[in-house]
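Each remark here refers to the structure printed beneath this line.
The values are calculated or read from the model by the stated rules, or taken from the named source; none is laboratory data. This is a predicted model, so every value here is computed, not measured. Using ideal geometry, Cβ is built from the backbone for each residue, glycine included, and neighbour counts are taken over all protein chains shown. What goes into the accessible areas is simple: the full protein's heavy atoms, side chains included, and nothing from ligands, DNA or RNA. Shrake-Rupley method; radii C 1.70, N 1.55, O 1.52, S 1.80 Å.
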Amino acid sequence: MHVPDAFIPINQGVVYWIIALVFVALALRWAKNELTEEKIPLVAVLAAGIFAIQAFNLPVTMGTSGHLLGGALAAILLGSPFAAVFILSMVLIIQGVLFGDGGITTMGANIINMGVIGGFVGFYSFHGLLGVTKNMSISAFVAAWLACFIPSLACALEMFIAGTFPLVPGMVAMGTYHAAIGLIEGVITVVGLNLILNARPDIVELPRGVPIHG
């Protein structure tokens, strides 16, 4: 999921960077308006946790790798998909600049895949499912799975557009691995959500009327 520099041509990388910067600007506006002193420790914990879980890479065919993302958990806990964009952007910049995990020219694509797509899919699928299931854990699990699986398909599509590898084998490889990885992501998301709700329910942004447990 951390696309290296050589995998996407510079001109395409610039386009992804421009799109990513629009969402980063909106995420910074969210942080300015919504990030209170009480929530800053939660943001720090989430950023550190996401950094840690992304450090475990599983090799995928054609030179790519798969790993947990964490976008859904950030978006659900902080009540906005822009929270995921904000946190994932910080994590990806540190990983790319300091540790060489993911390219600089392709960082825009990585932010879009993991922060934007992962955050928005995780947030809105959680709220949509919650209205149907009335169960927080089930909704969070499925939302986190989708927020891992769908960005992997987006990454495969970007690799196809870049001419890095063919569409169908790329979709199959990335989709299959992340469908499995997404199960772990779902469990971690549910566990993390319940742990933080037990410790500090006052700083978690959940819809009104949603039971803290269940």
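Which of the three applies to the stretch 42-181, rounded, prolate or oblate, going by the alpha-carbon gyration tensor with a ≥ b ≥ c and a/c under 1.5 meaning rounded? Note, shape of the stretch 42-181 comes out oblate. With contacts taken as Cα pairs under 8 Å and at least 6 residues apart, the chain reaches a relative contact order of 26 percent. Take the chain with all the other protein chains still there, run a 1.4 Å probe, and you get 44 Å² of accessible area per residue. Put ILE150, ILE111 in order of accessible area, highest first, and with a 1.4 Å probe you get ILE150, ILE111. For THR36 and ASN198, what is the calculated FRET efficiency with R₀ set at 25 Å and r taken between the beta-carbons, to the nearest 0.05? According to the calculation, E is roughly 0.75. In the chain, taking the dipole from charged Cβ atoms about the Cα centre, the farthest positive-side position among ILE10, THR105, VAL85 is held by VAL85. Axis angle, to the nearest 10 degrees, between helix 81-99 and the longest C-alpha principal axis of the chain: 50 degrees.
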